[in-house]
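These notes concern the structure reproduced below.
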Amino acid sequence: MTDEAFAEYLERKRAVTRSGDLLVDFAAGWDMHVGFGVENPALYALMYGGADHQSAAAQTAEAELRRGLERLADAGLLCMGVGEATAMTTAMAIGCVTRLVHDGGSATGPLAKRMRSALMSELTGRPHELGSSEHAGALLLARLGSAPELFTSAEEALLRQWLRTLIEHVAPSQDAPEQGAKE
């Protein structure tokens with residue numbers, strides 16, 4: 001049963017749809033990972049709980065994480081080495097899941113989002129904002145594949161079309177707060 005659950009984790013990890021934006025895809029992978037950990041706390045503890053031994057599933061997941069971080073590094077998006085980025089990402093994910101499970105928190109709640117944002121900022125050396133319409137649309141597009149059978153194929157195709165239109169046609173200035181307001 002444990003092997004089947006590990007296989008499910010890896011299948012879900014590989015099923016995260018790629019948007020073409022490496023940072024959005026990385027964020028979607030974080031969301032999937034944290035979501036899986038919160039939904040399966042006992043299994044997550046087996047995967048990552050041993051200080052002296054890492055499970056085969058965790059080793060495979062870390063190898064895939066490393067490949068994703070290498071893509072970010074190759075694109076010039078990392079401000080640190082891949083080894084350090086892998087260690088930081090793994091530590092923050094384990095800490096986030098552990099805290100959320102302890103508190104009964106949500107994988108889509110404020111703590112998980114802030115942890116993801118903090119990680120992205122550390123990895124890239126710049127603030128990571130997923131608050132704009134363009135980034136929100138790209139994130140939703142990337143996550144569509146993680147909810148199989150939620151929509152009919154026609155509904156999913158239409159939603160994908162709308163999200164791509166949003167991503168392509170929203171000017172960044174439309175999301176920016178108005179300038180000139182005095183505090």
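Computed from Cα atoms alone, the Kirkwood hydrodynamic radius reported for region 48-115 is 13.3 Å.
Stretching the chain fully between Ala42 and Ala75 yields a gain of 8.2 nm (0.36 nm per residue, less the alpha carbon separation). Residues Phe151, Phe6, ordered by accessible area of protein heavy atoms at a 1.4 angstrom probe radius and largest first, appear as Phe151, Phe6. In region 1-44, the convex hull through the Cα atoms has an average projected area of 2.9 nm², a quarter of its surface area.
The label-point distance for Arg14 and Ser121, in a model that sets each label 7 Å from Cα toward Cβ, rounds to 3.6 nm. A viscosity of 0.692 mPa s and a temperature of 37 °C, combined with the Kirkwood radius over Cα pairs in Stokes-Einstein, give a translational diffusion coefficient for region 1-89 of 239 µm²/s.
Overall, the anisotropy analysis places region 80-131 in the oblate class: the square-rooted eigenvalues a ≥ b ≥ c of its C-alpha gyration tensor yield a/c not less than 1.5, with a/b not exceeding b/c.
The values are calculated or read from the model by the stated rules, or taken from the named source; none is laboratory data. The structure presented is a predicted model; accordingly, all values stated were derived computationally and were not measured. With ideal geometry, Cβ positions are generated from the backbone for all residues, glycine too; neighbour counts draw on all protein chains shown. Each accessible area value is taken on the protein alone, full model and side chains, heavy atoms only, with ligands, DNA and RNA left out. Shrake-Rupley method; radii C 1.70, N 1.55, O 1.52, S 1.80 Å.
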